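The values are calculated or read from the model by the stated rules, or taken from the named source; none is laboratory data. This one's a predicted model, so the numbers in the text were calculated from it and none came from an experiment. Methodologically, a virtual Cβ is constructed for each residue, glycine included, from the backbone with ideal geometry; neighbour enumeration extends over all protein chains shown. For accessibility, only protein heavy atoms count, side chains too; no ligands or nucleic acids. Shrake-Rupley method; radii C 1.70, N 1.55, O 1.52, S 1.80 Å.
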Amino acid sequence: MDFKDSRILVTGGSRGIGRAIVEAFARHGARTAFTYRSSADVAEALKEQVKGLAFQCDASDFAAAEATVNAAVEQWGGLDILVNNAGITRDGLVMRMNESDWDHVITTNLKSVFNYSRAASPTMMRQRSGRIINISSVIGLTGNAGQANYAASKSGMIGFSKSLAKEVAARGVTVNVICPGYVETDMTNTIHKKIKEQIMNAIPVRRSAMPEEIAASVLFLASHDASYITGQVIAVDGGLTM
Ligand code: NAP
């Protein structure tokens, strides 16, 4: 895959899946920008490594998203690929979930996708080309006890993406969703060993994914080979949801 000089923005790119996406695009010759919230040292090191742009901003902040996209577009003269990846969990049963855990997850995981898509789509439509790839989750497909806020945010991304895909398709912009299964990152490394064993037993391939395996599916959707794919939801989950 050749992404030489392609211009890519990834939200939540400092760690985990987002970082693997930034690194993979950079390896394939792309110009990369990423956002992060708090891990400044890690982000600085990655910025140097990929010779890219790094923006410290909360993905749920509408004005900051617009400023970030505008800064990247100004620097590069356009934007080819947006990956909405920033996400968090604040787990708890609905009957005990407090309002801030609900709001924080919905604004970080779902409103952020609106924020960045809203900011990036006019440029992509003007260019008559662009790719928006949203990182949802298998939990958005199946639900999960203790993760109603997270599941709602991830299901919401799917409805949003299909709607946007219909709005921008005629202007050469595709919008697709990846639903990762269980991926080895900071987000999952606090899960108790017993629960982890149960999850592994439920995954047909009997293992978790590495972030690079999710990045590979993003690169495919961003590539020329995926030019006729839009409004789709692709589970990259070792068969968990089949
Ligand atoms: P992670 O290791 O916790 O990394 C999260 C990344 O998002 C970090 O770069 C973090 O930046 C950034 N971030 C968090 N909140 C942010 C905010 N408000 N504004 C800007 N950036 C923010 O998570 P991950 O496992 O790579 O997950 C990435 C995405 O994949 C998420 O959307 C997650 O829901 C989804 N996903 C993950 C799994 C899994 O098994 N890991 C499975 C399905 C879906 P800082 O470093 O500054 O905090």
Restricting attention to segment 72-87, does a residue exist that is within 14 Å of the ligand (Cβ to nearest atom) and surrounded by fewer than 18 Cβ atoms within 10 Å (Cβ to Cβ)? no
Checking the conditions here, which among Lys166, Lys154, Lys162 is open to solvent by less than 50 Å² (accessible area, probe 1.4 Å) and in contact with a Gly (Cβ under 9 Å, 6 or more places away or on another chain)? Lys154
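Condition check ((1) farther than 24 Å from Gln127 by Cα; (2) assigned to a loop (DSSP other than H, G, I, E, B); (3) under 17 Å from the mean Cα position of the chain (by Cα)) across all residues:
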| position | (1), (2), (3) |
| --- | --- |
| Gly159 | yes, no, yes |
| Ala165 | no, no, yes |
| Asn176 | no, no, yes |
| Met187 | yes, yes, yes |
| Ile191 | yes, yes, no |
| Ile199 | yes, no, no |
For segment 129-138, state whether one or more residues are buried (at least 21 other Cβ atoms within 10 Å of the Cβ) and basic (Lys, Arg). yes
Considering Asp58, Asp103, which residue is out of contact with any helix residue (DSSP H, G or I) (no Cβ under 6 Å at 6 or more places or on another chain), within 16 Å of the ligand (Cβ to nearest atom) and not in a helix (DSSP H, G or I)? Asp58
When residues of segment 200-224 are limited to those that are more than 18 Å from Phe3 (Cα to Cα) and loosely packed, with under 15 Cβ neighbours inside 10 Å, the one nearest to the ligand (Cβ to nearest atom): Met210
Can you pull out every residue in segment 61-71 that is within 14 Å of the ligand (Cβ to nearest atom), assigned to a helix (DSSP H, G or I) and of a type outside the set (Val, Ile, Thr)? Phe62, Ala63, Ala64, Ala65, Ala67
Just checking, which of Ser117, Ser121, Ser112 is surrounded by 15 or more Cβ atoms within 10 Å (Cβ to Cβ), within 9 Å of the ligand (Cβ to nearest atom) and among the small types (Gly, Ala, Ser)? Ser112
Report yes if some residue within segment 35-44 is over 26 Å from Leu164 (Cα atoms), within 16 Å of the ligand (Cβ to nearest atom) and of a type in the set (Ser, Thr, Tyr); otherwise report no. yes
Which of the residues belonging to segment 1-30 are surrounded by fewer than 24 Cβ atoms within 10 Å (Cβ to Cβ), within 12 Å of the ligand (Cβ to nearest atom) and in a loop (DSSP other than H, G, I, E, B)? Arg15
Here are Ala59, Ala45, Ala67, Ala33: which of them is farther than 23 Å from Cys179 by Cβ and crowded, with 24+ Cβ neighbours inside 10 Å? Ala33
